[in-house]
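A.B. asks: Mind having a look at this structure? Questions to follow.
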Amino acid sequence: MSAKRPPCQLYLINPPAIVLADFIEHLKQALGGGPVAALQLRLKTVPDADILRAGEALLPICRAHDVALIINDRADLARTLGADGVHLGQSDGDIKDVRTLLGPDAQIGITCHNSRHFAMEAGEAGADYVAFGAFYPTQTKTPPAMATPDILTWWTQLAELPCVAIGGITPENARPLVEAGADFIAVSAGVWAHPQGPEQAVREFGKAMA
């Protein structure tokens, strides 16, 4: 792992279903616990209008805290919102087409599961980050593959492009992924379902990533 890589950062993903007013309060609590690099808005089973409404409400909060707002899957909605970028699955569109749509400054991430091949392809296509996982069992979604920390080490020794670790990560199990080379730790339930609340969760992740 290159000594020049910046410290690992926290990347939040909202719960699978949200009540917007409640989530806004939970997000503000989380942001009170320490630095957060990004928030991915991931709403898979709601109308586009609801995604846009949520994005419009969350964007000023993210801007105020220097948090990048990333939209899951939907480059078109990311463009409409003026969001900071989009996170793509393997079947959610071509990176070069998305770059053309969103422009050179957009953050484009792509899920690579446990595939070194997918990650290499993503880097060559111009992605801004690659995401590996799931590393641990997760209740947020059923992962198609499980990854092991060595893929993070392999990637950080090979490429300058940041890598995100995702899947079942908690403050208690994050450390091995940080030590393996994760540039970002992506978390959903590990923050929102924390028994002491989102603020304390972010505080604990900060200690785990230090």
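A.B. asks: Only one of (1) surrounded by fewer than 21 Cβ atoms within 10 Å (Cβ to Cβ); (2) assigned to a helix (DSSP H, G or I); (3) not aromatic (Phe, Trp, Tyr) is not met by Leu152, so which one is it?
C.D. replies: (1)
Residue by residue, here is whether (1) out of contact with any Asp or Glu (no Cβ under 9 Å at 6 or more places or on another chain); (2) in contact (Cβ under 8 Å) with a residue 24 or more places away in the chain; (3) part of a strand (DSSP E or B) holds:
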{"position": "Pro6", "(1), (2), (3)": "no, yes, no"}
{"position": "Pro16", "(1), (2), (3)": "yes, yes, no"}
{"position": "Asp66", "(1), (2), (3)": "yes, no, no"}
{"position": "Asp76", "(1), (2), (3)": "no, yes, no"}
{"position": "Asp92", "(1), (2), (3)": "no, no, no"}
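A.B. asks: Kindly provide the set of residues from segment 14-38 that are touching a Phe, Trp or Tyr at 6+ places or on another chain (Cβ under 9 Å) and within 23 Å of Ala180 (Cα to Cα), ordered by number.
C.D. replies: Gly34, Val36, Ala37, Ala38
A.B. asks: Considering every residue within segment 64-82, establish whether at least one is at pLDDT below 95 and among the hydroxyl-bearing types (Ser, Thr, Tyr).
C.D. replies: The answer is no; no qualifying residue exists.
A.B. asks: What single numbered condition from (1) hydrophobic (A, V, I, L, M, F, W, C); (2) crowded, with 17+ Cβ neighbours inside 10 Å; (3) free of Cβ contacts under 8 Å to residues at least 40 places away in the same chain fails to hold for Phe205?
C.D. replies: Phe205 satisfies every listed condition except (3).
A.B. asks: Do the conditions hold for Gly33, that is, is it modelled with pLDDT of 95 or more and touching an Asp or Glu at 6+ places or on another chain (Cβ under 6 Å)?
C.D. replies: Against the criterion (modelled with pLDDT of 95 or more and touching an Asp or Glu at 6+ places or on another chain (Cβ under 6 Å)), Gly33 qualifies.
A.B. asks: In the set Ile108, Ile169, which member is at pLDDT 95 or above and either surrounded by fewer than 22 Cβ atoms within 10 Å (Cβ to Cβ) or not in a loop (DSSP other than H, G, I, E, B) (or both)?
C.D. replies: Ile108
The values are calculated or read from the model by the stated rules, or taken from the named source; none is laboratory data. Predicted model only: the values in this text are computed from it and were never measured. Note: ideal-geometry Cβ built from the backbone for every residue, glycine included; neighbour counts use all protein chains shown.
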